[in-house]
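> Input: one structure, supplied below.
Taken together, the values in this text are just the output of simple stated rules run on the coordinates, not laboratory data. Here the structure is a predicted model, which means the values were calculated and not measured. Note: ideal-geometry Cβ built from the backbone for every residue, glycine included; neighbour counts use all protein chains shown.
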Amino acid sequence: MLPTLFTFRRCPYAMRARWAIQVADVAVKMHEVALRDKPSVMLEASPKGTVPVLVLPDGRVIDESLEIMLWALKQHDPEGWLKPSSGNLANMLALIEACESAFKPHLDRYKYPSRYKSEWTSPLDDQSATALTAAGTGVVFSEQSFSDAHFNAAQEFLRQLSLGLTEAPALGGATPALADFAIVPFVRQMARHDRPRFEQAVPATLLYWMDRLLARADFEAVMTKQI
Ligand SMILES: N[C@@H](CCC(=O)N[C@@H](CS)C(=O)NCC(=O)O)C(=O)O
């Protein structure tokens, strides 16, 4: 019996899990789910209801994308994703955590401001005003200006990434490693929302890094629709 991965094609967390599984060449049965109608077998295995979820033949469940990447790569890591040529695994995990805490919240608010209506219809508190540096305490946003402010706030993380990319072609150093593959699906989401705007805002090194990773044949395989 094969492990089953409950996945959603366009989810960046599921993408990075599938990418590691693809590169590690670990046999897994893919189960594409509809987020609005999650299968009960998946929810029984992982009641928190997020994808990806990996269910192993012995009943163990791994329901965090990064853990699924590590599970696959610990079995087979042909490209050395866990052994970056610059820095180490701990540095990469810290960068991935920074993507989660300092980029993803801004990405979501940029792309889907209507989901955060309560945030832009009430005056900014001190904490949010600090996070959205362009705005001061007490500012009331429109939906568009809220989205714009989060696009701008997200640039700080991208600038940090690009600093690493001036010294080496990948976050992992000479060749891409765990952090590259774990982070680029989120950067891709921002780029795809409005490519011209993204191109204008980000450093050229970052654009080049993203486009090279996404042009890999294995990413295409990861994004191919399951029938
Ligand atoms: N920390 C989780 C986050 C996964 C996550 O939030 N996935 C989203 C889809 S991109 C999800 O399943 N959301 C629940 C839903 O939309 O119902 C991980 O790394 O696996």
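> Angle, helix 204-214 long axis vs. longest principal axis of the chain, Cα atoms, 0 to 90°, nearest 10?
30 degrees
> Just subtract the alpha-carbon distance of GLN75 and ALA90 from 0.36 nm times their residue separation and send over the number in nm, one decimal. Walk me through the intermediate numbers first.
Working: separation 15, 0.36 × 15 = 5.40 nm, distance 1.90 nm.
Result for the pair: 3.5 nm of gain on full extension.
> Pick out which of ASP77, ASP211, ASP63 has the largest mean-square fluctuation in a Gaussian network model of the chain, springs linking Cα atoms closer than 10 Å.
The residue that fluctuates most here is ASP211.
> Here's something else I'd like to know. In region 10-82, what GluC sites (Glu not before Pro) fall in a loop by DSSP, with at most 12 other Cβ atoms inside 10 Å?
Passing both the DSSP loop test and the Cβ count: no residue.
> Using alpha carbon centroids, what distance separates region 1-77 and region 154-176, in Å?
28 Å
> Let me know the longest stretch in the chain that avoids all trypsin sites (Lys or Arg not before Pro) found in a DSSP loop with at most 12 other C-beta atoms within 10 Å.
With trypsin sites (Lys or Arg not before Pro) excluded where exposed in loops, the chain gives 61-224 as its longest stretch.
> Also, I was wondering about something else. Between LEU35 and LEU163, what is the FRET efficiency for a Förster distance of 35 Å, r being their Cβ-Cβ separation, to the nearest 0.05? Let's see the in-between values first.
Working: r = 35 Å, r/R0 = 1.00.
My answer for the efficiency is 0.50.
> Using only the Cα atoms of the chain, build the gyration tensor, take square roots of its eigenvalues as a ≥ b ≥ c, and label the shape rounded, prolate or oblate: rounded if a/c is under 1.5, else prolate if a/b is larger than b/c, else oblate.
It comes out oblate by the Cα gyration axes.
> Separate question: Under the classification rounded if a/c is under 1.5, otherwise prolate if a/b is larger than b/c and oblate if not, where does region 89-219 fall, given a ≥ b ≥ c as square roots of the Cα gyration tensor eigenvalues?
Prolate.
> Report the equivalent ellipsoid semi-axes for region 1-46 in whole Å, largest first, defined as the square roots of five times the eigenvalues of the gyration tensor built from alpha carbon atoms.
Semi-axes (√(5λ), whole Å): 19, 14, 7.
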